[in-house]
Amino acid sequence: MLIFDREIEKTVEKIKGTFPSITITGPRQSGKTTLAKKLFPDLHYFSFENPDIRRIVKEDPRSFLNQIKNGAILDEIQNAPELLSYLQELIDQNNEKPTFIITGSNQFSLISDITQTLAGRTAMLKLLPLSLNELEKYNTHNDLDEVLFRGFYPAIHSKGFDAYITYRSYYETYIERDLRRIINLKDIDKFQRFIRLCAGRIGELLNMSNLANETGVSVTTINNWISVLQASYIIFLLQPFYENINKRLVKTPKLYFYDTGLASYLLGIENSHLMNREPRRAALFENLIVSECLKTRYNEGKDSNLFFFRDKTGNEVDLIIRHGSSLKLVEIKSSMTFHSDFLRSLKYVSNLFPNKEINQYLIYSGNIEQEIHQAQVINYNNLRSKVFSA
């Protein structure tokens, strides 16, 4: 089985030894366990998916921790949150700084538990599925339609799994199971309709009332389901960028999936050959670019600095990357052919911020790269090297 080198490894190495524990959250099957075992091969490994391990911890947590007082990998610890309080006690009493690697797939409950018990004692990192750069190193990067369809979960690329079957199993095994565990999900059919509607609204403003009407549930239920999908690293919300330039800016977030492969499955796309005829292909490409930018930030151990811009007259820039007082404006087009109209919004929004340092980028699927009217036209494969290194 191919084990990928992950960009986040540099960040882990940088902070190793600084904190007594490192917490790695992220979607199920994104590679957290593989990463932990690769970087800390000498640590004992315990998975709290295992009911026997959970039983031992519940019966005598102090005895369990006493056996691993010098450190261990504690995988999917959201299944045994009561252990964290005892872990805090062990860390505080141990003068020789131990190393505990904690992983979890439910960010809201896990982060809440950790901030209450291990504040100042753990470094928090997020590991998303593979990036374009990580795939490129192993020559597993195919054409764009194949990339959008297969997505970025490691097992699909390292083991050659069928993408459609893998994402169907992932949905049924993890998403629905996690939902039943987190919330009292009584009508699975309505939830299935809801999550597929979400896939059809990638890159659109989140309209909970509309989703509630089409799903046949209350707005409160939709809000709860959105929160659960965020907690399980299925979707994320891109927040609007606004400063006091006027009062006509949209302040509603846009919806994206962490992985285009799962979104493609939910859209009913059964193979990459159907991608060219898929009405949501441009939205999936936009999703790809936004999620790649998010991976870059998380792999560096940083928070998201990503936003979008839209006003109520329809002027929009797909992505704004904020670095202090400077802004990188990114327009995203799935086309292989450049059109000058692609740059119109970049110029408009740039003029709204005359006192800021502005860099403009157009990311598309064409191969010709050049500077046009102060905008860098870039092929999507070079997003990391030409946008984040600038």
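Structure above, values below:
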read-out	value
Beta bridge orientation in the chain: antiparallel %, DSSP, nearest 5	35
Helix-only [θ]222 nm of the chain, DSSP H runs n ≥ 4, -39500 (n - 2.57) each, per residue, nearest 500	-11000 deg cm²/dmol
Ordering of 233-240, 85-92 by packing [mean C-beta count within 10 Å, highest first]	233-240, 85-92
Relative contact order (percent, whole number), segment 306-388, Cα cutoff 8 Å, 6+ residue spacing	23
Degrees, to the nearest 10: 83-93 long Cα axis against longest axis of the chain	70
Percent RCO, i.e. relative contact order, over segment 181-317, from Cα pairs under 8 Å lying at least 6 residues apart	26
Förster-model FRET efficiency, 30 Å R0, Ser169 and Ser335, C-beta, rounded to 0.05	0.35
Relative contact order %, the chain, counting alpha carbon pairs below 8 Å whose residues are six or more apart	15
Cβ-Cβ FRET estimate between Glu59 and Glu176, R0 fixed at 41 Å, reported to 0.05	0.85
In sequence order, calculated HN-Hα J values of segment 302-308 (Karplus, 6.51, -1.76, 1.60; Hz; x Gly/Pro)	10, 6, 5, 10, 9, 8, 10
Label point distance in nm, Glu214-Ser304, each placed 7 Å from Cα along Cα→Cβ	2.0
Ranked Lys295, Lys38, criterion: other C-beta atoms within 10 Å, fewest first	Lys38, Lys295
Computed label-point distance, nm, for sites Asn315 and Tyr86 using a 7 Å Cα→Cβ extension	6.0
Overall form of segment 156-268 per C-alpha gyration tensor (a/c, 1.5; a/b vs b/c)	oblate
Net charge contributed by nearby residues that have their C-beta within less than 15 Å of Ile372 (K/R +1, D/E -1)	0
Extent along principal axes [Cα atoms of segment 306-388; Å; largest to smallest]	32, 27, 21
Restraint check, Lys137/Lys356; Lys126/Lys347; Lys38/Lys295; Lys251/Lys328; Lys126/Lys186, Cα-Cα greater than 28 Å	Lys137/Lys356; Lys126/Lys347; Lys126/Lys186
Charge dipole magnitude, Cβ of K and R +1, D and E -1 - the chain, Cα centre, debye nearest 20	640
Chain lengthening between Leu352 and Ser325 when straightened (0.36 nm per residue, less Cα-Cα)	8.3 nm
Extent along principal axes [Cα atoms of segment 9-126; Å; largest to smallest]	37, 32, 28
In sequence order, calculated HN-Hα J values of segment 327-344 (Karplus, 6.51, -1.76, 1.60; Hz; x Gly/Pro)	10, 10, 9, 10, 9, 10, 9, 7, 5, 8, 10, 7, 10, 4, 4, 4, 8, 4
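Here, each number is a calculation from the coordinates, and none is a lab measurement. For clarity, every value in this text was computed on a predicted model and none was experimentally measured. As a convention, Cβ positions derive from the backbone with ideal geometry for all residues, glycine included, and neighbour counts pool all protein chains shown.
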